[in-house]
Every structure is written in C-alpha cells, then in structure tokens.
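A.B. asks: I am attaching a structure below and will ask some questions about it afterwards.
Any read-out appearing in this document is the output of simple, stated calculations on the displayed coordinates, not a laboratory observation. Owing to the predicted nature of the structure, the values given are computational and were not obtained by experimental measurement. Glycine also receives a Cβ, built like all others from the backbone with ideal geometry; neighbour counts cover every protein chain displayed.
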Amino acid sequence: MRASALINNNLKIEMKKIIAFLLIVLTVVSGFALERYASRMTPDGTIYFIMSKTLSKLQGIKHFEYDMTLLSWTDSVTVNFTFQSKIMGLPTELYIKSGDQSYRCADYSLLFQDLKKNSFEIRVTSKFLTEDLEKIIHSDNPPMFVFPQGDQEASAAYSESAWKKDRKKLIDIYNIYLYSKSKKL
C-alpha cells in the first residue's frame, strides 16, 4: 500500500509541474501576441515604438515588414520598412494608399541594402505627417505601402482581417500619443 501511495504522490507532483509549465508557456505566448508596442519616457517627451509587422499581400517583392516610431515632441512619424526585391536600390518614390487617398512621403532614405538568397534586402526609413497617419488608421480601408523601383511598381498591403485586428490597437496607441502631446508628458 505504501508503494502505491508513493506512486500516486509522485504522479500528482509531476502533473502539477506539467500544468505549471503549460501555464507559463501560455502566459508567455499570449504576452507576445498582445505586445505590439513599447513606450519610453525621454527628457524631450515620450517615444511610442510600434513593433515590426509583416504584411502578406505583396506585389513585385518577396517579403515586407514595417515598424513605426511616434515622438510626442514632433509632428511626424518615422516608418521604417524592409523588403526583398530582385531590383537593387532605393525606391523612386514612396506613399501609403488608403482607399482612394494617397499620402506621399517627401523624406525617405536608404538605411541598408544587402543580399538575401536570390534577392536584395532593402531597409528604408521615412517620415510621414502624424495627421496623415491619423487619416490612415481611422480608415476602414487596409493601407498599402507603394514604392516603385525603376519601372516596376512594388507594394505591400494588409489583408482585410489583419487590418481589422491591428487597426484598433494602432488607434489606441495614436490616442495615447495625442494625449501625451496635449499634456506634455
């Protein structure tokens, strides 16, 4: 009888360990799924960093991901993006299309360019007006990043479902940004 009680006790301990491990894994995974941005206080104000997002609707490129940074003391948003293309070099122009509206970027530059398998990996930094970002994120239309390279038009866009999911979070972050600007946080 003692042997069976000992085995039962050991099984209960092992089950508790397994359950604890699964709870930790679920907590970590759900934390990563929900954590899309970070904010940091600086002497000048607050920085809001929106983590990398990979877009799936691609034309003329193999891969596309972007991230954004809002600074509470400026009226622009920095959008960095990385894409893979058969064409080497900086896009000839850059804009974000939302529905029938286009928001042009006047200030963009190459951060780096590298080889990745059979294509070029290109990272670009750009600035957009925060008022344009506000219009884009308040639109039901999924945004499309458009950046011609030579005579080839390249683009990356949100799918409808991904935009529905991300749009609410982007609006929340933007509202926090606006509040910090008004309160000089």
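A.B. asks: Evaluate E = 1/(1 + (r/R0)^6) for residue 88 and residue 51, where r is the Cβ-Cβ distance and R0 equals 22 Å; express this FRET efficiency to the nearest 0.05.
C.D. replies: 0.20
A.B. asks: Residue by residue through the range 49-58, what is 3J(HN,Hα) from phi via Karplus (6.51 cos²θ - 1.76 cosθ + 1.60, θ = phi - 60°)? Round to whole Hz and write x for glycine and proline.
C.D. replies: Taking θ as phi minus 60°, the curve returns 10, 9, 4, 4, 10, 8, 9, 9, 8, 10 Hz for the range 49-58.
A.B. asks: Loop only per DSSP, at most 14 neighbouring Cβ atoms within 10 Å: give me the GluC sites (Glu not before Pro) in the range 81-174, ordered by residue number.
C.D. replies: Qualifying residues, ordered by number: 93, 153.
A.B. asks: What is the extension gain from residue 116 to residue 164, computed as 0.36 nm multiplied by their sequence separation minus the C-alpha to C-alpha distance, in nm to one decimal?
C.D. replies: Contour length minus the Cα-Cα distance gives 14.1 nm.
A.B. asks: Right, here's the next one. Can you compute the modelled spin-label distance between residue 100 and residue 42, with each label point 7 Å from Cα toward Cβ, in nm?
C.D. replies: 3.9
A.B. asks: Among the listed pairs 116/168; 57/168; 97/169; 135/181; 62/169; 53/135, which are separated by more than 23 Å between their Cα atoms?
C.D. replies: Cα-Cα > 23 Å for 116/168; 62/169; rest within.
A.B. asks: Calculate, for residue 153 and residue 74, the FRET efficiency according to 1/(1 + (r/R0)^6) with r their C-beta to C-beta distance and R0 30 Å; round to the nearest 0.05.
C.D. replies: Using R0 = 30 Å, I get an efficiency of 0.50.
A.B. asks: Taking H placed 1.01 Å from N in the peptide plane, check which residues at least 5 places from residue 57 or on another chain put their amide H under 5 Å from its amide H.
C.D. replies: Excluding prolines and chain starts, which carry no amide H, the hits are 157, 159.
A.B. asks: Can you put 41, 144 in order of Cβ neighbours within 10 angstrom, beginning with the fewest?
C.D. replies: Fewest to most other Cβ atoms nearby, the residues stand as 41, 144.
A.B. asks: Looking at the P(r) of the range 137-183, how many percent of alpha-carbon pairs lie beyond 13 Å?
C.D. replies: 64
A.B. asks: Still on this model: Considering Cα pairs under 8 angstrom that are at least six residues apart, work out the relative contact order of the range 37-183 and quote it in whole percent.
C.D. replies: RCO, the range 37-183: 24 percent.
A.B. asks: Rounded, prolate or oblate: pick one for the range 48-164, where a ≥ b ≥ c are the square roots of the eigenvalues of its C-alpha gyration tensor, a/c under 1.5 means rounded, and failing that, prolate if a/b is larger than b/c, else oblate.
C.D. replies: Prolate is the answer for the range 48-164, as a/c is 1.5 or above and a/b outweighs b/c.
A.B. asks: Just want the ordering: 155, 85, 119, 52, from fewest to most Cβ atoms lying within 10 Å of their own Cβ. Don't skip to the answer; put the middle values down first.
C.D. replies: On the way: 155 19, 85 22, 119 16, 52 12.
So the ranking, lowest neighbour count to highest, is 52, 119, 155, 85.
A.B. asks: Listing 63, 138 from the residue with the fewest other Cβ atoms within 10 Å to the one with the most, what is the order?
C.D. replies: Numbers: 63 16, 138 12.
Ordered by Cβ neighbours within 10 Å, fewest first: 138, 63.
A.B. asks: Give the distance, in whole Å, between the Cα centre of the range 125-185 and the Cα centre of the range 39-93.
C.D. replies: The two parts, judged by their Cα centres, are 10 Å apart.
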